[in-house]
Every structure is written in structure tokens, then in C-alpha cells.
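This report concerns only the one structure given below.
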Amino acid sequence: MFSGNGHHHHHQERVATGGGTFDTLHLGHQEYIRTVFEYADQVLLYVSSDEYAKAKKVYEVRPYHLRVRRLESFIINKLGINRDRYEIRQLNTLAQVKNDLLKEDIHIALVVPEYYALLRRINQERMDHGKKGILILVKQRTRDHNNGDLSSTAIHRRFIRL
């Protein structure tokens, strides 16, 4: 589907990208994933590797294969989306994402605010190389009814702050 393995349909398919650790697959994640698929025909999703997640998170994350299995189950069973509409890639370094996004045919990126600057830099480089910029959509963090941050980090923190 990506890197031109020859099955691009005749009309220009819109490709979106997004990513995360997806530890608990809470409502914020579900809304995020649903939104990415609403914007595009094909979706490239990055899921943090265990090592990458460990470096970034204050809590123990579930193993990569379990996080991916739960994510796929949500995409296929809850959203009813076909396997041929997305690709999941393990995210090991931001440099890897940057390299991918410089060469891939990507139209839209749905990111949380802390990745906005990175995407701006990637766009600058894409345009320096004569490629079109990626449309960057910033997904604000979902708030719960107490106006708390619905990220897994916040959920874990709230949980441990007994």
C-alpha cells in the first residue's frame, strides 16, 4: 500500500498518518483513530515500540504485540474498516518517522500538539525537495468531564495518586 508497491487505484488516494503508544485505547484514542480514518482512504499508523514507549512514559506499558492486537481489533471490529485500508508500523525513533514522511506519499497528518513542530520541520524539508507539504491537523487532547487530560499518562497518574 505504501512505498509504491503498485496497488494505487486510479483516483488519487488520500493517505493520512498518525500514531501513538495506544496503551489503554481509551476514548481519546478511539476518537483519534476514528478521525484519522474519516480523513483518508489509506492510513499509516505508528505504534511506539516497547523501547520507545519506555523512554517516553512514566508507567509500564503493555507489550507492543498486545497494543497492536487491541488496536487492530478496534479498527476492524468496532470501526468496520478493512485491513487493506491501513498499515501499522512500529515506531522506534522520530528520525525513522521523519525519513518515512519525507519520502512517502502522505497528504494528512493528525497529531497531538507536541508533534506539531516536528511535522512543520518535515514539511519544510518536503517542500525544499519539491514535494507537497502534508496538511497538519492538530488533535487537542480529549478532556474528561472533570476537564482532566484523557491521555494514558494522565489516566495512570490519576490512578496512582491515591
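Select from the stretch 19-120 those GluC sites (Glu not before Pro) which occupy a DSSP coil region and have at most 11 other Cβ atoms within 10 Å, ordered by residue number.
Details: sites: 31, 38, 51, 60, 72, 87, 104, 114; in loops: 60, 104.
When the GluC sites (Glu not before Pro) of the stretch 19-120 are filtered for loop state and at most 11 Cβ neighbours within 10 Å, 60 remain.
Can you tell me the length gained on complete extension of the stretch residue 55 to residue 84, counting 0.36 nm per residue apart and subtracting the Cα distance? Could you put the intermediate results ahead of the total?
Details: separation 29, 0.36 × 29 = 10.44 nm, distance 3.15 nm.
Taking 0.36 nm per residue and subtracting the Cα distance, the gain is 7.3 nm.
Amide H to amide H, which residues 5 or more places from residue 109 or on other chains are under 5 Å from it, using H placed in the peptide plane?
HN-HN under 5 Å from residue 109: 17, 135, 136, 137.
What are the trypsin sites (Lys or Arg not before Pro) within the stretch 11-78 that DSSP puts in a loop, where the Cβ has at most 16 other Cβ atoms within 10 Å?
On the way: sites: 14, 34, 54, 56, 57, 67, 69, 70, 78; in loops: 14, 57.
Of the trypsin sites (Lys or Arg not before Pro), the ones in loops of the stretch 11-78 whose Cβ has at most 16 other Cβ atoms within 10 Å are 14, 57.
Each residue of the stretch 80-89 in order: what ³J(HN,Hα) in whole Hz does its phi give by Karplus 6.51 cos²θ - 1.76 cosθ + 1.60, θ = phi - 60°, with x for Gly and Pro?
x, 9, 6, 4, 7, 9, 8, 9, 10, 10
Students often forget the sequence filter, so: which aspartates and glutamates lie under 13 Å Cα-Cα from residue 131 once same-chain residues fewer than 8 apart are removed?
104, 105
Under a 5 Å amide H to amide H cut-off, with H placed in plane at 1.01 Å, what residues pair with residue 89 once short-range neighbours are removed?
Under 5 Å from the amide H of residue 89 lie the amide H atoms of 45, 46, 47, each far enough along the sequence or on another chain.
Holding the Cα-Cα limit at 21 Å, pick out from 98/139; 103/132; 56/98; 98/132; 57/78; 56/139 the pairs that are longer than that.
As for pairs spanning more than 21 Å Cα to Cα, those are 57/78.
Can you sort 48, 73 from fewest to most other Cβ atoms within 10 Å of each residue's own Cβ?
On the way: 48 22, 73 11.
Ordered by Cβ neighbours within 10 Å, fewest first: 73, 48.
Readers should treat all values here as calculations from the given coordinates under stated rules, not as data from a laboratory. Since this is a predicted model, take the numbers as computed values, not measurements. Here Cβ is always computed from backbone atoms with ideal geometry, including for glycine, and neighbour counts include all displayed protein chains.
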